[in-house]
Amino acid sequence: MSAQSRRDRVTAASVRARKGAEPLVCLTAYDAPTASLLDPHCDVLLVGDSLGMVVHGLPSTVGVTTEMMILHGQAVMRGARQALVVVDLAFGTYEAGPAQAFETAARVLRETGAGAVKIESGAYAGETVRYLSERGVPVMAHVGLRPQASLVTGGFRAKGRDEAERAAVLEEARAADEAGAFAIVVEGVDARLAEEVTKAVAAPTIGIGASAACDGQILVVPDMLGLFEWTPKFVRRYADLRADIEDAARRYAEDVRARRFPSDAETYRLRRPAGE
Ligand code: KIV
């Protein structure tokens, strides 16, 4: 069934069943109106903690809180009807151990109504993924470049540059897979490593900057819409929102300065879509 004609909401189980089949279409989303536009085309909408950087202007994702994730998760759930909505757990709210992770994940699912959570799962996190999955929390893992570890790794550097790093990424992915992750985001690795990971795990892999060797792709939506001057090399821009917004703001300012305001009669007349 095509994404356009789908009715039921995508579930974590149906995402897991897509291993090796039609590629999974995934994007981030942070607000209700954007989510409603992306939803008919996507299998998964991720309320990524990238929102700290691309919405709130933070220097990294380390400053993001559970309250921020819940607020944006609720907004996306209001806009999305059929995609599986996955919410990132914020830095410092799950790494201490399985019990802390369960408490945070349960709160996020309860307060947003989302269908799953994502954690940046280093090799240490297998136990946490199992603990959550066994207790009814579908977990999407995230291996390779892990932005929440940027203070340790020194920034947003691709992973797998030497054999030890390649083995570590494979190990992270295997640990998450064996522990029951329903999907695994693989970020910032080359095509050969992405292929190795994809073959090594039963869960579908979702690449970001990780080639077409994965079972699907995710992009950060403002990047693919061209909102920023700079975007990572692997991102194809499908729109030029930055130029459109700048142009709209310039034309608006010209109108206001020339007093080209709506007339009084038009001011409070509501515009309704044709046919209503
Ligand atoms: O936070 C995020 O947007 C993510 C994607 C980059 C996968 O984790």
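The values are calculated or read from the model by the stated rules, or taken from the named source; none is laboratory data. Predicted model, so just to flag it, every value in this text is computed and none were measured. When we count neighbours, we look across all protein chains shown, and the Cβ atoms used for this are built from the backbone with ideal geometry, even at glycine.
Quick one: count up the residues across region 79-106 that are crowded, with 16+ Cβ neighbours inside 10 Å, within 21 Å of THR61 (Cα to Cα) and of a type outside the set (A, V, I, L, M).
Residues that pass the stated criteria total 7.
Identify all residues within region 182-203 that are more than 14 Å from the ligand (Cβ to nearest atom) and either hydroxyl-bearing (Ser, Thr, Tyr) or assigned to a loop (DSSP other than H, G, I, E, B) (or both); write none if there are none.
Answer for region 182-203, where residues must be more than 14 Å from the ligand (Cβ to nearest atom) and either hydroxyl-bearing (Ser, Thr, Tyr) or assigned to a loop (DSSP other than H, G, I, E, B) (or both): PHE182, ASP190, THR198, VAL201, ALA202, ALA203.
I'm trying to understand the selection: among the residues of region 46-71, which are within 11 Å of the ligand (Cβ to nearest atom), surrounded by 17 or more Cβ atoms within 10 Å (Cβ to Cβ) and not small (Gly, Ala, Ser)?
LEU46, VAL47, ASP49, LEU51, MET53, VAL54, THR61, VAL64, MET69
Would you mind stating whether ALA29 is near the ligand (Cβ under 10 Å from one of its atoms), among the aliphatic types (A, V, I, L, M), modelled with pLDDT of 95 or more and in contact with a Leu (Cβ under 7 Å, 6 or more places away or on another chain)?
Working: near the ligand (Cβ under 10 Å from one of its atoms): yes; among the aliphatic types (A, V, I, L, M): yes; modelled with pLDDT of 95 or more: yes; in contact with a Leu (Cβ under 7 Å, 6 or more places away or on another chain): yes.
Yes; evaluated as a whole, the condition is true for this residue.
Any idea which of (1) in a loop (DSSP other than H, G, I, E, B); (2) among the aromatic types (Phe, Trp, Tyr); (3) at pLDDT below 95 is the one TYR124 doesn't satisfy?
All conditions are met except number (1).
Residue check: is ALA164 among the aliphatic types (A, V, I, L, M) and loosely packed, with under 15 Cβ neighbours inside 10 Å?
On the way: among the aliphatic types (A, V, I, L, M): yes; loosely packed, with under 15 Cβ neighbours inside 10 Å: yes.
Considered against the rule, which asks whether it is among the aliphatic types (A, V, I, L, M) and loosely packed, with under 15 Cβ neighbours inside 10 Å, ALA164 comes out as yes.
Filter region 214-232 for residues that are free of Cβ contacts under 8 Å to residues at least 12 places away in the same chain and surrounded by fewer than 11 Cβ atoms within 10 Å (Cβ to Cβ) and give the result. Write out each step before concluding.
Here is the first cut: in region 214-232, the residues free of Cβ contacts under 8 Å to residues at least 12 places away in the same chain are 230-231.
Correct list: TRP230 only.
Could you count how many residues in region 213-230 are in a loop (DSSP other than H, G, I, E, B) and more than 15 Å from GLU187 (Cβ to Cβ)?
Of all residues in region 213-230, those in a loop (DSSP other than H, G, I, E, B) come to 213-215, 220, 225-230.
From what is left, the residues that are more than 15 Å from GLU187 (Cβ to Cβ) are 225-230.
Qualifying residue count, region 213-230: 6.
Cβ contacts < 6 Å: first residue closer than 24 Å to ALA90 by Cβ and among the β-branched types (Val, Ile, Thr), restricted to region 147-168; second residue modelled with pLDDT of 95 or more and assigned to a helix (DSSP H, G or I), any location; separation 6+ or different chain. Result?
Nothing qualifies.
Return yes when TYR131 is modelled with pLDDT of 95 or more, among the hydroxyl-bearing types (Ser, Thr, Tyr) and surrounded by fewer than 22 Cβ atoms within 10 Å (Cβ to Cβ) and no when it is not.
yes
Return yes when SER14 is more than 16 Å from the ligand (Cβ to nearest atom) and under 14 Å from VAL221 (Cα atoms) and no when it is not. Don't jump to the end; show me each part of the working.
On the way: more than 16 Å from the ligand (Cβ to nearest atom): yes; under 14 Å from VAL221 (Cα atoms): no.
The answer is no for SER14.
State whether the residues of region 257-271 include one that is at pLDDT 95 or above and in a helix (DSSP H, G or I).
Yes, region 257-271 contains at least one residue that is at pLDDT 95 or above and in a helix (DSSP H, G or I).
List pairs: first residue in region 51-62 and within 15 Å of THR153 (Cα to Cα), second residue part of a helix (DSSP H, G or I) and more than 11 Å from the ligand (Cβ to nearest atom) anywhere in the structure, Cβ distance under 6 angstrom, at least six positions apart or on different chains.
SER60/SER150
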